[in-house]
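To start, the structure itself, in structure tokens.
The values are calculated or read from the model by the stated rules, or taken from the named source; none is laboratory data. Since the structure is predicted, the reported quantities are computational estimates derived from the model, not experimental observations. Methodologically, a virtual Cβ is constructed for each residue, glycine included, from the backbone with ideal geometry; neighbour enumeration extends over all protein chains shown. To get the accessible areas, we keep the full protein, side chains included, count just its heavy atoms, and leave off ligands, DNA and RNA. Shrake-Rupley method; radii C 1.70, N 1.55, O 1.52, S 1.80 Å.
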Amino acid sequence: MKKLLFSAALAVCTMMGVNAQSTNFEAGAYAAIPMGDAGDFTSFNLGITAAYYWDVVANLKIGAMVGYDLFLAKEYDYGWAKVKGDDIGFVPIAASAKYDFGGFFAGLNLGYAVATTKDMDGGFLYQPRFGYSGASFDVFGFYKGISSKQTVHTDLGKFSSSWTMSSIGAGFAYKF
């Protein structure tokens, strides 16, 4: 997984030197700090995204976004043993909107995050964003929440718990 994220980041950085007319396609990466429920058992949140936008009216773009989102599990040291939980992955699929305020933008992703981790269910995804929009890139800050549920099967039966996987972070997107 780390190789995949590194390769995606390297590809985005490599293409920064390419001068091309914008095609409304964007690809990016982000890093975030888990908050709330997610902060209790994960230490960091990384992800990559790809989006395509259509111009709807002046300064407003609406499109679709897909990506990969990874919450890295914390490691606990109990003295006699170190225990690390499972990393939690999602594939977000969302409708995306961006409004340009003349160099700055506000955006919102709304959709569903498909869980890629065993015993995790996907959930509703919401991600408001605000940032700077250059000619060939966006730099932004965001808050993200994924309403999720975990189901554990034991000898005593099936147990479920719900929580919100949330994080606050910063990202970069290259416009092709």
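Some observations on this one:
- Restricting attention to region 58-71, the residues that are closer than 19 Å to residue 167 by Cβ and surrounded by fewer than 18 Cβ atoms within 10 Å (Cβ to Cβ) total 1.
- For residue 86, the conditions (1) buried (at least 17 other Cβ atoms within 10 Å of the Cβ); (2) not in a strand (DSSP E or B) are fulfilled apart from (1).
- Here residue 96 passes the criteria (1) open to solvent by less than 30 Å² (accessible area, probe 1.4 Å); (2) free of Cβ contacts under 8 Å to residues at least 24 places away in the same chain; (3) of a type in the set (Ser, Thr, Tyr) except the one numbered (2).
- If you go through region 108-140 and keep only what is under 15 Å from the mean Cα position of the chain (by Cα) and open to solvent by 30 Å² or more (accessible area, probe 1.4 Å), you end up with 108, 110, 112, 114, 116, 124, 126, 128, 130, 139.
- Residue in region 35-57 that is surrounded by fewer than 16 Cβ atoms within 10 Å (Cβ to Cβ), out of contact with any strand residue (DSSP E or B) (no Cβ under 8 Å at 6 or more places or on another chain) and at pLDDT 95 or above present: yes
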